[in-house]
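Here the structure is laid out as C-alpha cells; the discussion comes afterwards.
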Amino acid sequence: MNAIGTQSKLNARRSLIFASVLYLFNAALGTMIAVRENLPSVLVTNFSTGKPALEDFLTGNGTALSPPLYLYLVAILLLILACLPKGLGTVGVAGLTILGMIFLLGEFAEKLTYRAFNPVSFDLSLALVELAAFVLPLLMIAFGGLEIAHRRRAHRSS
C-alpha cells in the first residue's frame with residue numbers, strides 16, 4: 001500500500017514537471033509566431049502597452065500568444081525547485097501550480113484567444129497554440145493540486 005502512495009506521488013510531481021515543460025515549449029512557439037506576425041498582448045479590456053510584440057515580450061505584458069520573459073524565468077526556477085526533495089520541492093510544486101493559474105487567467109484575458117476560435121477568423125496554427133495554452137495550465141493546476149494534497153497527507157502522517 002505504501003509503495004502505491006509513493007508511486008502516485010512521483011507521478012503527480014513528474015506529470016506537473018512534464019506539463020510545465022510542455023507549456024514552456026508551447027509558449028516559446030507562441031512567442032515566435034507572435035513576434036513574426038507582430039501580435040503584442042491586447043487584453044479584452046483593450047489595454048495594451050502599445051509596444052511591438054518583441055518589446056512587449058521582453059519588457060511588457062508578453063505577446064498575444066505567450067507570457068512575458070520574466071514569467072518564463074520564474075517558471076524555470078520553479079521547475080528546478082520542483083525537482084528537489086522536501087521543502088524546496090514543495091515551494092516549486094506550489095509555485096508551478098500558482099503559475100498555471102496565472103497562465104490560465106492570462107489566456108482568458110487575451111483578446112486574440114477569442115479571435116483564434118472564432119469561425120469567421122479561424123486560424124489553425126493560432127488555435128492549436130491557444131488550445132495547448134489552455135490545456136497545459138489546467139494540467140499544471142490539477143497535477144500540482146494532487147501533489148500538494150499528497151505532500152500534506154504525508155506530512156500529517158509523519
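The values are calculated or read from the model by the stated rules, or taken from the named source; none is laboratory data. Keep in mind the model is a prediction, meaning the values are calculated, not measured. For neighbour counting, all protein chains shown are included, and Cβ atoms are generated from backbone atoms with ideal geometry for every residue, glycine included.
Is it fair to say A94 is in contact with a helix residue (DSSP H, G or I) (Cβ under 8 Å, 6 or more places away or on another chain), of a type in the set (A, V, I, L, M) and modelled with pLDDT of 95 or more? Talk me through it step by step, then tell me what you get.
Numbers: in contact with a helix residue (DSSP H, G or I) (Cβ under 8 Å, 6 or more places away or on another chain): yes; of a type in the set (A, V, I, L, M): yes; modelled with pLDDT of 95 or more: yes.
So A94 passes the test.
One line per residue, one yes/no per condition, for (1) over 23 Å from T49 (Cα atoms); (2) at pLDDT 90 or above:
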residue	(1), (2)
I80	yes, yes
C83	yes, yes
K86	yes, no
F103	no, yes
G106	no, yes
E110	no, yes
F117	yes, no
D123	yes, no
V129	no, yes
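Out of L22, L65, I need the residue that is in contact (Cβ under 8 Å) with a residue 60 or more places away in the chain, under 16 Å from G100 (Cα atoms) and surrounded by fewer than 17 Cβ atoms within 10 Å (Cβ to Cβ). Which one? Quick ask: steps written out before the conclusion?
Values: L65 fails: surrounded by fewer than 17 Cβ atoms within 10 Å (Cβ to Cβ).
Only one candidate passes the filter, namely L22.
Please state which one of L58, L88, L139 is in contact with a helix residue (DSSP H, G or I) (Cβ under 7 Å, 6 or more places away or on another chain), part of a helix (DSSP H, G or I) and farther than 24 Å from I17 by Cα. Full working, then the answer.
Values: L88 fails: farther than 24 Å from I17 by Cα; L139 fails: farther than 24 Å from I17 by Cα.
Result: L58 is the single residue among L58, L88, L139 that is in contact with a helix residue (DSSP H, G or I) (Cβ under 7 Å, 6 or more places away or on another chain), part of a helix (DSSP H, G or I) and farther than 24 Å from I17 by Cα.
Is there a residue being at pLDDT 80 or above and at positive phi anywhere in the stretch 19-42?
Yes, the stretch 19-42 contains at least one residue that is at pLDDT 80 or above and at positive phi.
For T63, are the conditions met, namely being β-branched (V, I, T) and at pLDDT 90 or above? Don't jump to the end; show me each part of the working.
Values: β-branched (V, I, T): yes; at pLDDT 90 or above: yes.
It is true that T63 is β-branched (V, I, T) and at pLDDT 90 or above.
Please work out if A64 is more than 27 Å from A94 (Cβ to Cβ) and under 17 Å from the mean Cα position of the chain (by Cα).
Numbers: more than 27 Å from A94 (Cβ to Cβ): yes; under 17 Å from the mean Cα position of the chain (by Cα): yes.
So A64 passes the test.
Among the residues in the stretch 83-94, are any surrounded by fewer than 16 Cβ atoms within 10 Å (Cβ to Cβ) and among the β-branched types (V, I, T)? Steps first, answer last, please.
To start, the set of residues in the stretch 83-94 that are surrounded by fewer than 16 Cβ atoms within 10 Å (Cβ to Cβ) comprises 83-88, 91.
Now drop any that are not among the β-branched types (V, I, T), which leaves 91.
Within the stretch 83-94, one or more residues are surrounded by fewer than 16 Cβ atoms within 10 Å (Cβ to Cβ) and among the β-branched types (V, I, T).
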